[in-house]
Amino acid sequence: MCGIFAAFRQPNVEEFKSKALQYSKLIRHRGPDWSGNVVQNSTILCHERLAIVGLDSGAQPIVSPDGNYTLAVNGEIYNHIQLREQFTDYKFKSLSDCEPIIPLFEKYDIDAPKKLDGMFAWVLYDKKKDRIVAARDPIGITTLYMGKSSKNPKTRYFASELKCLIEECDEITAFPPGHVYDSDTDKITRYFEPTWWDQDKIPEKHVDYKEVRETLELAVRKRLMAEVPYGVLLSGGLDSSLIASIAARETRKAAQASYNPEGIDANKELSGVDDKGSLHSTGVFNQLHSFAIGLPGAPDLIAAEKVAHFIGTIHHSHTFTLEEGLDALDDVIYHLETFDVTTIRASTPMYLLSRKIKAQGVKMVLSGEGSDEIFGGYLYFASAPDAKEFHQECVMRVKNLHYADCLRANKSTMAWGLEARVPFLDKQFLEVCMNINPEDKLIVPGKKIEKYILRKAFDTTDEPDVKPYLPEEILWRQKEQFSDGVGYSWIDGLKDTAERVISDEEFANPPAHWGSFKASTKEAYWYRLKWDKMFNKSDAAASTVSLWIPKTQWEGVTADPSGRAQKTHVASIV
């Protein structure tokens with residue numbers, strides 16, 4: 001991933017350029033490897049690069065051979081080799097996985113994003129038509145914001161992070177996932193139209209366990225496209241453990257296979273997945289590295305070590321103290337650009353771990369975000385009154401991932417120039433699993449644990465010829481939300497600190513500019529105060545924040561986002 005900033009139809013663009021470079025510099029943590037910019041007409045595109053694929057020749061912005069199109073991309077395009085093969089007449093200038101977007105746009109215009117398989121946010125400028133087009137990946141794995149200014153009403157701004165836009169914009173939008181913006185119409189329209197989008201359409205097809213397993217394996221395989229050292233985030237929970245297990249298997253397979261598949265020029269350093277899903281990458285290593293973090297003795301650390309030993313990764317177990325976590329809060333909120341309680345709780349350990357990982361020379365990791373939304377894995381789902389409401393809540397959670405888990409995974413890691421990839425949010429995997437009859441997903445106390453069908457898909461008890469993916473106690477381990485699993489005293493410490501620093505009188509009299517935002521706890525109040533200081537109390541920026549709250553309309557569900565707050569939680573030994 002990388003960082004992008006763009007200003008379209010900016011008056012006095014040459015004078016503005018120095019400002020644009022400073023705004024771009026604010027997100028250099030996302031792309032520490034190289035910086036670039038292009039000015040055409042009254043538009044400027046800036047790019048901060050994190051090199052993962054096409055290391056020697058993938059600098060951006062990318063300009064088409066005829067000089068008409070300029071492209072700045074943040075993301076990874078997993079089907080870039082297949083796309084290149086469709087445009088044999090196009091004179092590619094690099095081996096970048098992002099460059100095929102230009103000929104793709106020339107052919108399909110604003111339908112181009114439909115043809116991409118990956119995570120991305122990009123801005124493309126057409127010099128002849130003085131037109132800009134921007135797009136974001138289907139689920140919002142990659143962050144993107146769009147801004148407007150009353151001072152320059154025709155100007156449109158785009159950036160990977162809010163901090164680039166606050167000074168210029170009095171209207172900011174979290175660019176919606178699966179949408180494309182076209183300056184010709186000045187409208188944002190949805191291009192992503194999966195069969196499961198209508199949450200009132202309840203699927204009838206029952207689960208095919210083999211299909212679930214094979215589709216997730218392919219999703220992981222795609223995401224091992226890299227020319228740099230990579231690893232996996234391993235919390236010891238079901239989701240990250242499955243991803244780690246599959247990645248370890250695929251890494252071993254790739255290391256044993258030839259790095260020169262038929263049809264690939266051995267003199268080129270192309271990386272990707274062929275039409276059959278076979279991995280070919282110059283970034284593959286013989287043994288996978290895994291990474292975990294927690295307070296000393298945390299349940300996640302203990303479980304992660306069991307998994308790592310079982311699947312054969314080189315494991316790195318890191319600890320942090322409560323004080324270190326509290327000391328990092330300001331930095332976390334600055335990078336996350338949110339005041340949502342559950343996102344900040346979970347992001348802090350991930351932020352600390354990402355720094356350790358980058359220091360160990362790794363630039364890309366796989367992560368397990370998305371599974372809980374797809375399969376109804378959060379413990380409060382046990383209170384769903386029926387299958388219909390269970391499914392509707394799943395769809396809503398997937399649609400809103402860009403406000404919470406995707407935002408956390410992207411910004412916590414990119415704060416240190418580390419890229420996180422999320423196989424569970426693969427388009428094909430979503431198409432399979434969001435179309436499963438919700439009766440199969442329901443939690444039945446004593447009979448079916450949360451995410452039962454995912455666990456069952458990787459349960460090889462009845463397959464003697466297949467090596468188990470995970471130890472049985474991990475495969476059937478109860479859900480621990482990440483902010484709980486790193487050590488229960490982490491959340492307790494945050495609550496206790498907030499109680500000390502926010503007085504009862506202060507809590508009872510929130511600032512007037514908060515408007516409709518009501519802090520339900522002192523912890524939430526504390527985070528919002530910190531956010532205000534960093535983002536100049538910006539109403540425009542605050543409008544991009546959404547709060548993660550369980551479905552409190554269901555009987556017995558509490559508003560506290562911690563999994564421990566739900567009645568079905570069984571405490572682990574800490």
Check: Just to be sure, is P61 surrounded by fewer than 20 Cβ atoms within 10 Å (Cβ to Cβ) and either outside the structural domain of A219 (by TED's automatic domain parsing) or more than 15 Å from I132 (Cβ to Cβ) (or both)?
Finding: no
Notebook entry, point to check: Can you name the residue in segment 177-204 that is part of a strand (DSSP E or B) and aliphatic (A, V, I, L, M) and is also surrounded by the most Cβ atoms within 10 Å (Cβ to Cβ) among such residues?
Noted result: V180
Note to self: Looking only at helices (runs of 4 or more DSSP H) that lie completely in segment 417-534, which have at least 2 residues being in the same structural domain as C406 (by TED's automatic domain parsing) and closer than 29 Å to M396 by Cα?
What the structure shows: 427-433, 438-441, 452-457, 472-475, 482-485, 488-501, 522-534
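Is segment 505-514 home to any residue that is among the acidic types (D, E), touching a Lys or Arg at 6+ places or on another chain (Cβ under 9 Å) and in contact (Cβ under 8 Å) with a residue 24 or more places away in the chain? Spell out how you get there, then give the answer.
Let us first name the residues in segment 505-514 that are among the acidic types (D, E), namely 505-506.
After this cut, where a residue has to be touching a Lys or Arg at 6+ places or on another chain (Cβ under 9 Å) as well, the list is 506.
Among the residues that remain, those that are also in contact (Cβ under 8 Å) with a residue 24 or more places away in the chain are: none.
For segment 505-514, residues among the acidic types (D, E), touching a Lys or Arg at 6+ places or on another chain (Cβ under 9 Å) and in contact (Cβ under 8 Å) with a residue 24 or more places away in the chain: absent.
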Check: For segment 279-366, which fully contained helices (runs of 4 or more DSSP H) count at least 1 residues that are more than 27 Å from P468 (Cβ to Cβ), in the same structural domain as A542 (by TED's automatic domain parsing) and in contact with a Lys or Arg (Cβ under 7 Å, 6 or more places away or on another chain)?
Finding: 322-336, 341-359
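Assess whether L425 counts as being surrounded by 24 or more Cβ atoms within 10 Å (Cβ to Cβ) and within 12 Å of M119 (Cβ to Cβ).
Numbers: surrounded by 24 or more Cβ atoms within 10 Å (Cβ to Cβ): yes; within 12 Å of M119 (Cβ to Cβ): yes.
In short, yes.
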Item checked: Selection count where residues are touching a helix residue (DSSP H, G or I) at 6+ places or on another chain (Cβ under 7 Å) and of a type in the set (D, E, K, R), scope segment 394-431 -> 5
Check: Is one or more of the residues making up segment 400-416 over 19 Å from Y334 (Cα atoms) and either touching a residue at least 60 places away in the same chain (Cβ under 8 Å) or in a helix (DSSP H, G or I) (or both)?
Finding: yes
Item checked: Breaking point among (1) within 25 Å of M396 (Cα to Cα); (2) modelled with pLDDT of 95 or more; (3) surrounded by fewer than 19 Cβ atoms within 10 Å (Cβ to Cβ), for G556 -> (2)
Check: Any idea which of (1) farther than 25 Å from V398 by Cα; (2) part of a loop (DSSP other than H, G, I, E, B); (3) at pLDDT 95 or above; (4) among the small types (G, A, S) is the one S572 doesn't satisfy?
Finding: (3)
Note to self: Looking at C406, C433 in this structure, which one is buried (at least 22 other Cβ atoms within 10 Å of the Cβ), under 23 Å from K222 (Cβ atoms), within 10 Å of the chain's Cα centre (by Cα) and not small (G, A, S)?
What the structure shows: C406
Notebook entry, point to check: Restricting attention to segment 315-323, does a residue exist that is surrounded by 24 or more Cβ atoms within 10 Å (Cβ to Cβ) and either among the aliphatic types (A, V, I, L, M) or closer than 25 Å to E76 by Cβ (or both)?
Noted result: no
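The values are calculated or read from the model by the stated rules, or taken from the named source; none is laboratory data. The structure presented is a predicted model; accordingly, all values stated were derived computationally and were not measured. With ideal geometry, Cβ positions are generated from the backbone for all residues, glycine too; neighbour counts draw on all protein chains shown.
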